[in-house]
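Structure first, then comments.
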Amino acid sequence: MAERTLTVRVARIARQTPEILSFELAHPAGRALPAYQAGAHIDVHMPGGFSRQYSLARAHGEAAPSAYLIGVKREAASRGGSASMHARVREGDLIAISAPRNTFPIRPEARRHLLLAGGIGMTPLLAMAEALAREGADFELCVFVRGEEHLAFAQTLRAPLLAPHVRLHFDIGETGRKIDLRRLLAERLPGTHVYVCGPGGFMAAVRKAAAHWPEEALHAEYFAAPAGAAVAGGRPFTLRLARRGIRVPVTADQTAVDALHAFGIDIPVSCEQGLCGTCVVDAEGAGAEHRDFCLSGSERAAKVALCCSRAKGEELVLDL
Ligand code: FES
């Protein structure tokens, strides 16, 4: 089951690096698209029946944008999604997308922002950096890539708006272009929040270097569930739907979403890995075994991602 979709036209495809293409997606009739806040992503429904989440790489503030910009890296181990975007999508094509959703927003309570991007994980952070630069906020965007030729959106990073805030790390090449994560995160200046997006190894390295930071100051956007993460299955339990006054049993091999769908209750889903936030509902979060990668510690007190999370005990109470 999916959310309502929008049809957009592929207005422009540009090669950013040997592995990364950017796609500009516009309304077919030239109308404005739904507004979003920096950090948001969309689902792209692509040829071959694949659906993937891509972050929006530009900031538009409150204004309704004329186009969305995404970056798609062709993954060597592509299960079809990125390969389909690279090989089969052409300028002028019509494709279906979801409206933007944001599970990775800029935190209003932060006084300083440290944005850490690994490769194509730069896209949501690029939008955040643009938004923060326009606000005059205190921030730094550190981009980690293998080398200059793998740097996507280089023009935007080097434009006057962002250049003073950007630090680049190249694994190969210029030896002076290295950022030591451990040193960078050794000390937390008061009010600093870290936002991280990138491949699994990069995310794990940041988490390790920031192990002494408070959980509430670390915000992560994952591409995929980390290796070894349990996202499905477990003990049976019951969902209590407080507003409807009914109970729905969930078997050991069902997800909460499966059980609700079997009961005729429509919960939209997309990634089914706890990443995108589509299936999140209000709940007594303290009663949940949270298995998602999209809710913050404080959000988990009152919300639950139903595609993966389960009850800690016998029952999970939902505001449905
Ligand atoms: S469907 Fe994506 S978090 Fe549940």
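Laboratory data are not the source of any read-out in this text; all were calculated from the coordinates shown. Values in this document were obtained by computation on a predicted structure and should not be read as measured data. With ideal geometry, Cβ positions are generated from the backbone for all residues, glycine too; neighbour counts draw on all protein chains shown.
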The chain: relative contact order from alpha carbon pairs under 8 Å, six or more residues apart, as a whole percent, is 15
In whole percent, what relative contact order does region 5-98 give with Cα contacts below 8 Å and a gap of six or more residues?
38
Run down the lysines and flag those whose C-alpha is under 19 Å from the C-alpha of Lys312, throwing out any fewer than 8 positions away in its chain.
Lys303
Can you work out D for region 237-318 in µm² s⁻¹ from Stokes-Einstein, where Rh is the Kirkwood radius over C-alpha pairs, the temperature is 10 °C and the viscosity is 1.306 mPa s?
129
Ellipsoid semi-axes in whole angstrom, largest first, where each is sqrt(5λ) of the Cα gyration tensor of the chain
33, 25, 18
Interchain or long-range residues, amide H under 5 Å from Ala288's placed H:
Lys312
Treat each spin label as a single point 7 Å out from the Cα along the C-beta direction, and report the Glu289 to Arg31 distance in nm.
4.6
May I ask you to evaluate 6.51 cos²θ - 1.76 cosθ + 1.60, the Karplus curve with θ = phi - 60°, for each residue of region 310-320 and list the ³J(HN,Hα) values in order in whole Hz, giving x for glycine and proline?
9, 7, 5, x, 7, 9, 10, 9, 10, 8, 10
Exactly which GluC sites (Glu not before Pro) in region 145-212 are in a DSSP loop and have at most 13 other Cβ atoms within 10 Å?
Glu174, Glu187
Equivalent-ellipsoid semi-axes of region 112-221, from the Cα gyration tensor, Å, largest first
20, 18, 12
So Ala87 and Arg243, fully extended at 0.36 nm per residue minus their Cα-Cα distance, gain in nm 51.4 nm
Run the quick spin-label model on His261 and Ala302: label points 7 Å from Cα toward the beta carbon, then report their separation in nm to one decimal.
2.9
Put a dot 7 Å past each Cα toward the Cβ at Glu216 and Leu189; how far apart are the dots in nm?
2.1
Taking region 13-113 as the region of interest, what is the percent of Cα-Cα pairs per 5 angstrom bin, listed from the shortest bin to the one with the maximum distance?
2, 12, 22, 24, 18, 12, 6, 3, 1
Cα gyration tensor shape of region 192-281, rounded if a/c is under 1.5, else prolate or oblate by comparing a/b with b/c
prolate
Within a Gaussian network of the chain (alpha carbon springs, distance under 10 Å), most fluctuating of Thr251, Thr278, Thr103
Thr251
Using r as the Cβ-Cβ distance of Ala227 and Ala252, and R0 as 22 Å, what FRET efficiency do you calculate, to the nearest 0.05?
0.40
